[in-house]
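*Asks:* Please read through the structure below; I'll follow up with questions.
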Amino acid sequence: MSSSSGSSSAAAHHQQHYRHQTGGSGLVPLAALIKEEARTERHSVASGESRISARDEDAAGVGNSGVGGEVAAETRLERPLLRYGCAAQCKKGEDFFLLRTDCPRPAISVSFPDSPHPTFAVFAVLDGHNGNAAAIYTRDNLLNHVLSAMPRGLSRDEWLHMLPIALVAGFVKTDKEFQSKGQTSGTTATFVIIDGWTITVASVGDSRCILDAQGGAVSLLTVDHRLEENIEERERVTASGGEVGRLSVVGGAEIGPLRCWPGGLCLSRSIGDIDVGEFIVPVPYVKQVKLSNAGGRLIIASDGIWDALSSEAAAKSCRGLPAELAAKQVVKEALRTRGLKDDTTCIVVDIIPPGQTIQPLSPPKKMSKLKSLIFRKKAKDPSQKLTKQHSAVGIVEEIFEEGSAMLSERLGPHSDGRRTSSLFTCAICQLDLEPSEGISVHAGSIFSSSSRPWEGPFLCSDCRDKKDAMEGKRPSGVKVL
Ligand SMILES: [Zn+2]
């Protein structure tokens, strides 16, 4: 398939969908969009204040509230200091964020009673659309859902190793639960877990997280799930039964970015969006990297920033500033470039070597040579990589990367988990299943070799239905009138 689905006959079809969704009022799609835009515009006048929050994490050994506050002797030497700031300019009131630096890692194994690093930090940006309910729900529930998908009693390395699976389960569970409430609206979710020097990012939608590593190389830790820019996602959506095309106005002219139909969303992945085809999935792209002990800076932001600034420009605009000022500076720079067109939210997190109190200023960037060196090659077996040394300054080690939308490729196997709960637990919603109820995530797939239909992970019938709908194997639950 290709973008030829945006032909005029297909476009006319899209228009049809949209007209139905606006209640058959006879509005042309463009008029409906403009009306919506005007409504949010008015709304923003009343709520267009700036929210600023910032907080310093204290140095190691001082207090116990922050990530930098570890007291175990072993960690005092190793653990980076986190310092962060968040700045936002509100236009529609649909951007939300999460800042947590004191999350306890659940149920440290009795086998590892002195396991170091018992806490981790979470930073997230949630950019809602068609209302704010999905963004708020995700902010309030996603972390718990990720943690509930984690096997108990893991060592720290095992915990990090299992995070990518738990993140997938947590995203899908959050989406399923929110949709079950019957509310419309959807959200992007860029969810960053920092545990020591290891950063794990899970993301749906187009709120980016970039890494400005020591040495001056800027890299993207997310992919943009935008139909306009992501060919692979366009192909996935069309293969799963969706249509991709632009809005068309009377006369056949096409306007705006590529959207999926039914629904008209520009994103190819999101949480929520019950009124959009189920091929718009909540399965996150996940990337896990380990920084060298030189540290680095993360910038996590909604598209209000990225529509105005490139990754490099955003990183460059705030180098040398402490995190809380850096976040304000990035927002300011985006507004200066493009004006306040959208909600604009930016979190800056500095991962600072112990013994320093501020992120050292990066030396000037040595362009492409350094950039190609910045990521070491991904290991075949990620668990091995966790034990390697990371002393080389400026080298970021890529531990894990996976973006497939297929749950059978994302949920297991849980071969190395010390799972103490029932063998038959739904890998998504964590419900206990009778042995006869569990359906292997591999069962019945026409794409896989189907050699493992009896192996876990298992899904309950509800989650199995959702998986099939996401992959276009049964008619989508969306009601296309
Ligand atoms: Zn389930």
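*Asks:* Looking at Ala308, Ala313, which is the one that is in a helix (DSSP H, G or I), touching an Asp or Glu at 6+ places or on another chain (Cβ under 8 Å) and over 23 Å from Glu397 (Cβ atoms)? Write out each step before concluding.
*Replies:* Numbers: Ala308 fails: in a helix (DSSP H, G or I).
Of Ala308, Ala313, the one residue that is in a helix (DSSP H, G or I), touching an Asp or Glu at 6+ places or on another chain (Cβ under 8 Å) and over 23 Å from Glu397 (Cβ atoms) is Ala313.
*Asks:* Here is a further query. Could you count how many residues in region 242-271 are touching a Ser or Thr at 6+ places or on another chain (Cβ under 7 Å) and of a type in the set (Val, Ile, Thr)?
*Replies:* The number of residues fulfilling the criteria is 2.
*Asks:* List, please: which pairs have Cβ atoms under 7 Å, are six or more places apart or on different chains, and start with a residue in region 164-189 that is closer than 22 Å to Thr345 by Cβ and in contact (Cβ under 8 Å) with a residue 24 or more places away in the chain and end with one that is part of a helix (DSSP H, G or I) and within 16 Å of the ligand (Cβ to nearest atom)?
*Replies:* Here the result reads Leu167/Val146; Gly170/His145; Gly170/Val146; Thr174/Asn141; Thr174/His145; Ala189/Phe171, each pair linking region 164-189 to a residue that is part of a helix (DSSP H, G or I) and within 16 Å of the ligand (Cβ to nearest atom).
*Asks:* Another question, if that's okay. Would region 146-155 turn up any residue that is under 24 Å from Thr345 (Cβ atoms) and either free of Cβ contacts under 8 Å to residues at least 12 places away in the same chain or surrounded by 19 or more Cβ atoms within 10 Å (Cβ to Cβ) (or both)?
*Replies:* Within region 146-155 (the criterion being under 24 Å from Thr345 (Cβ atoms) and either free of Cβ contacts under 8 Å to residues at least 12 places away in the same chain or surrounded by 19 or more Cβ atoms within 10 Å (Cβ to Cβ) (or both)), the answer is yes, since at least one residue qualifies.
*Asks:* Filter region 203-238 down to the residues that are assigned to a loop (DSSP other than H, G, I, E, B) and touching a Pro at 6+ places or on another chain (Cβ under 8 Å) and list them by number.
*Replies:* Here is the first cut: in region 203-238, the ones assigned to a loop (DSSP other than H, G, I, E, B) are 205-207, 214-217, 221-225, 227-230.
Correct list: Gln214, Gly215, Gly216, Leu227, Glu228.
*Asks:* Of all residues in region 144-181, which are polar (S, T, N, Q), part of a helix (DSSP H, G or I) and more than 15 Å from the ligand (Cβ to nearest atom)? Spell out the reasoning first.
*Replies:* Kept after step one, since they are polar (S, T, N, Q), are these residues of region 144-181: 144, 148, 155, 174, 179-180.
Cutting the leftovers down to part of a helix (DSSP H, G or I) gives us 144, 148, 174, 179-180.
Selection gives Asn144 alone.
Computed from the coordinates by the stated procedures, all read-outs in this text should not be read as laboratory data. Computed from a predicted model, the values in this text were never measured in an experiment. In this analysis, Cβ positions are derived from the backbone assuming ideal geometry, glycine residues included, and neighbour counts consider all displayed protein chains.
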